[in-house]
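The values are calculated or read from the model by the stated rules, or taken from the named source; none is laboratory data. All values derive from a computational prediction rather than experimental measurement. When we count neighbours, we look across all protein chains shown, and the Cβ atoms used for this are built from the backbone with ideal geometry, even at glycine.
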C-alpha cells in the first residue's frame, strides 16, 4: 500500500524517520512529506496558506496515481489532520483510508488555532510549558531537545487557516483514530453524546480506534510502537 505521511505543525518529513522502517518492513511504500515552506528555517513562508499545504498533498496523490492505480492511505499527525481530511475531500475516489494520529478531521469552515505568537508571518514551536502535561508524556529532556532542534516555524496562514470542504463523499472513506493522550473510550463517548467538536467525526461512516498511550508526539516517544499501530490501521 502507498502511505502518505503528513506531519503536524513545526515538523517535516524526517519526523517520521523512526516510524518509516517499521512500515516498510510490513510491505508498504512510504512517502513522508515536507510541506511547502518547511524545507529550511531560512525560507520566507509568510505567504503560504493552509490551502497551499492541502494542494501539496493532493499533488502527491495525483502523482502516485500516475505510477500506480492502487488507492493511497493518508496518515496525519496533529494539525496535519486538516490537510488529510481536505485532501480526502478533494480525491475521495483515490483514498482508501485516513489515519489520524493524535489528530482529527477538521470540519468545513473551522479555522486553526490563532493563539500562538506570530512573528514575521510564521509561528515557531512554543516553549514546552505552553503544552498540557498529557501532551508531553514520553518526551524526556533529550527528546524535547531533539524535537526542538528539528522544528521549523509553521506559516501563519497554515496555523490559522480556514478549512474548505466540498464533497460529502469524504464521509464514506474509512478512518482510524490513533489515540495517544486520551483513551479511545473517552472520544467514543463524546461522539455518542454528540458533544461539541465531534460533529464531523460523527458523520464518518466507518471509524475504528486504536490506543497508543503516550503524549502528543508518538513518532518521537514511541516510534516503533507507532509503526506497528499504523500497520494495523492500514490493514483495517
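Do you know which residues across the stretch 176-186 are closer than 29 Å to residue 94 by Cβ and touching a helix residue (DSSP H, G or I) at 6+ places or on another chain (Cβ under 8 Å)? Passing the criteria: 176, 177, 178, 179, 180. Residues of the stretch 73-102 that are touching a strand residue (DSSP E or B) at 6+ places or on another chain (Cβ under 7 Å), farther than 27 Å from residue 152 by Cα and surrounded by 22 or more Cβ atoms within 10 Å (Cβ to Cβ): 95, 97. The condition of being assigned to a helix (DSSP H, G or I) and at pLDDT below 95 holds for only one of 66, 88, 82, that being 66.
Any idea which residue in the stretch 214-236 is surrounded by the fewest Cβ atoms within 10 Å (Cβ to Cβ), counting only those that are touching a residue at least 60 places away in the same chain (Cβ under 8 Å) and assigned to a loop (DSSP other than H, G, I, E, B)? Explain how you work it out, then say what you get.
Initially, the stretch 214-236 is screened for residues touching a residue at least 60 places away in the same chain (Cβ under 8 Å), giving 214-224, 226-228, 230-231, 233-234, 236.
Next, only the ones that are assigned to a loop (DSSP other than H, G, I, E, B) stay: 214-217, 222, 236.
Details: 214: 23, 215: 21, 216: 22, 217: 27, 222: 21, 236: 10.
Here the residue is 236.
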